[in-house]
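Asks: My questions all concern the structure below.
Values quoted throughout were computed directly from the atomic coordinates according to the rules given, and no laboratory measurement underlies them. Keep in mind it's a predicted model, so treat the numbers as computed, not measured.
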Amino acid sequence: MDTLKALAKDPRNIKIAMTVLVAIIIAIATKTWVYGLFGGIIALLFAVSVRGKPEPTTQELVASGVLSLKTDPERVKILRDFVVGRVANGYRVELQDDFSAVLLYGKRPNHILHLLLSIVTIGFWLIIWILIAMTTKESRTLYKIDEYGVVEQS
């Protein structure tokens, strides 16, 4: 599930998935595997061409005129909207000021509950507790907004 979330964060992967979906729909609609194969080849070529293009840097976007300097109130609003979007997706705010925010994702296991379950089950729950403790992680990420209004992960 985490892999799917990581793949969904990149808009290029979403474009690839949509192209493959179109190829599948063409194959189903025409009831012919040849069109599906043809659509799959087109999707693969599109995927390779999209993946080969690097994302433009902030300096390139500024030089092209896409980005411009933002005022402090604009930057505060952009970061606040970004944080609200992350919170809607399950993140928690640990610390936030005008131009940066520390967000948490994930939960730590409830060790008191697992201790009580281990006592009640005469230690059999220890195996599950250890597995949960090893696989459940909480990640902390610092986000900063630059003078152009671009939110960067640090």
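Asks: Go from 0 up to the bin containing the longest alpha carbon distance in region 93-154, width 10 Å each, and give me the % of pairs per bin.
Replies: Per 10 Å bin, starting at 0, the Cα pair percentages come out as 20, 31, 19, 17, 10, 3.
Asks: Here's something else I'd like to know. Can you pull the percent of Cα pairs in region 15-140 with separation above 17 Å?
Replies: Working: 6063 of 7875 pairs.
Result: 77 percent of Cα pairs exceed 17 Å.
Asks: Another one. Once you have the Cα-Cα distance between PHE99 and GLU74, take 0.36 nm times their residue separation minus that, and quote the gain in nm to one decimal. It would help to have the intermediate numbers written out before the result.
Replies: Working: separation 25, 0.36 × 25 = 9.00 nm, distance 1.06 nm.
Separation in residues times 0.36 nm, less the Cα-Cα distance, equals 7.9 nm.
Asks: Same structure again: Aspartates and glutamates within cross-link reach of LYS137: Cα-Cα under 17 Å, excluding same-chain residues under 8 positions apart?
Replies: Filter leaves ASP2, GLU94.
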